[in-house]
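The values are calculated or read from the model by the stated rules, or taken from the named source; none is laboratory data. Please read all numbers here as calculations on a predicted model, not as lab measurements. Here the Cβ positions follow ideal geometry from the backbone for every residue, glycine too, while neighbour counts run over all protein chains shown.
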Amino acid sequence: MTPTEIFERMCTQWLAGRSTFEPGLLTEDVVIETPFAAPGHPVRTEGRERVVAYTEAGRAAFPVRFEDVRDVTVHETTDPDVIVVEYELAGTHTGTGVSASAPFIAVLRTRDGRLAHWREYQHTVAIAQALAA
């Protein structure tokens, strides 16, 4: 798969309420980074099994139903295996019914048609406000 196709598959996963990363789409040595992760959350997770376990647990515990991935802009780079993507996730808090959205920027790298590296920059203040509402 191309980097854009992998991102599109991730969007499908979010909107279906499933974990972001399907094991078959990840390299064995995949690295997931969120440099601005909320306190108590890792900034780096390595390896397919750890990534899948972490994201499945996170999805199960996250009280938001994603309803839209919007304002998506994909920036291709000089490396065909790398894209930079800007997007906004919108959803509804399942406990309060409050709808909100937050912007993200990510760098996605593939190797042999699988996700090898995902670095996501989150608007943590917007996310915290949506969860507190």
*If we keep just the residues of region 1-24 that are charged (D, E, K, R) and outside any loop (DSSP other than H, G, I, E, B), which is nearest to Arg59 (Cα to Cα)?*
Arg9
*Only one of Leu108, Leu89 that is closer than 19 Å to Ala130 by Cβ and within 13 Å of the chain's Cα centre (by Cα)*: Leu89
*Could you pull out the residue among Val52, Val30 that is out of contact with any Pro (no Cβ under 8 Å at 6 or more places or on another chain) and crowded, with 16+ Cβ neighbours inside 10 Å?*
Val30
_Qualifying residue in region 88-95 (condition: at pLDDT below 95, surrounded by fewer than 16 Cβ atoms within 10 Å (Cβ to Cβ) and not in a strand (DSSP E or B))_ = yes
*Name the pairs whose Cβ atoms lie under 6 Å apart, with the first residue in region 36-53 and over 14 Å from Leu115 (Cα atoms), the second in a helix (DSSP H, G or I) and not aliphatic (A, V, I, L, M), and 6 or more positions between them or separate chains?*
Phe36/Thr124; Ala38/Thr124
*Across region 25-58, what is the number of residues that are assigned to a helix (DSSP H, G or I), of a type in the set (Asp, Glu) and in contact with a helix residue (DSSP H, G or I) (Cβ under 9 Å, 6 or more places away or on another chain)?*
1
